Amino acid sequence: QVQLGEFGGGLVQAGDSLRLSCAASGRTFSSYAMTMGWFRQAPGKEREFVAAISGNRMITDYADSVKGRFTISRDNAKNTVYLQKNSLKPEDTAVYYCAEKRGSTSIPTMRDRSRYDYWGQGTQVTVSS
């Protein structure tokens, strides 16, 4: 069974940077075919798309709210995806979840949380003003 684990969250101040990582283990299929995504959820709010990267051509996509500040990358040899978060704002405060999906890498499916097959337990990021 695939397991995803997020690391790197914490309490930071506005303007600071964080790098989140998500390691996958227990795969029974090729990680190269998987799209990896980051989502976030604040208390009382819906889980929202943050960023995603495809498994082969390394196509990336970002939510408008983080574009230019966050960068998603992956290391397929380590089955790990990263989210570099710069210029953090209080509105970035949320639990950040790593997710993995198979199949289409179209922009709509990369942004759709219902299309992802596996989810980590999340890591809390709190940005103070």
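As a fraction of the 1.4 Å probe accessible area of the chain, surface on carbon and sulfur atoms comes out at 46 percent.
Helix-only arithmetic for the chain: the sum of -39500 (n - 2.57) across DSSP H runs with n ≥ 4, divided by the residue total, places the mean residue ellipticity at 222 nm at -500 deg cm²/dmol. Accessible area per residue for the chain, computed on protein heavy atoms with a 1.4 Å probe, is 50 Å².
Just checking the listed ones, Gly55, Gly15, Gly37: in the Gaussian network model of the chain with Cα springs under 10 Å, the one fluctuating most is Gly15.
Across the chain, where is the longest run that never hits trypsin sites (Lys or Arg not before Pro) in a DSSP loop with at most 14 other C-beta atoms within 10 Å?
Longest gap between qualifying sites, sites excluded: 68-129.
What is the antiparallel percent of DSSP beta bridges lying wholly in the chain, to the nearest 5? Here the share of antiparallel DSSP bridges comes out near 90 percent.
The values are calculated or read from the model by the stated rules, or taken from the named source; none is laboratory data. Quantities reported herein were computed from a predicted structural model and do not represent experimental measurements. Neighbour counts run over all protein chains shown; Cβ positions are idealised from the backbone, glycine included. Side chains included, ligands, DNA and RNA excluded: accessible areas come from the protein's heavy atoms. Shrake-Rupley method; radii C 1.70, N 1.55, O 1.52, S 1.80 Å.
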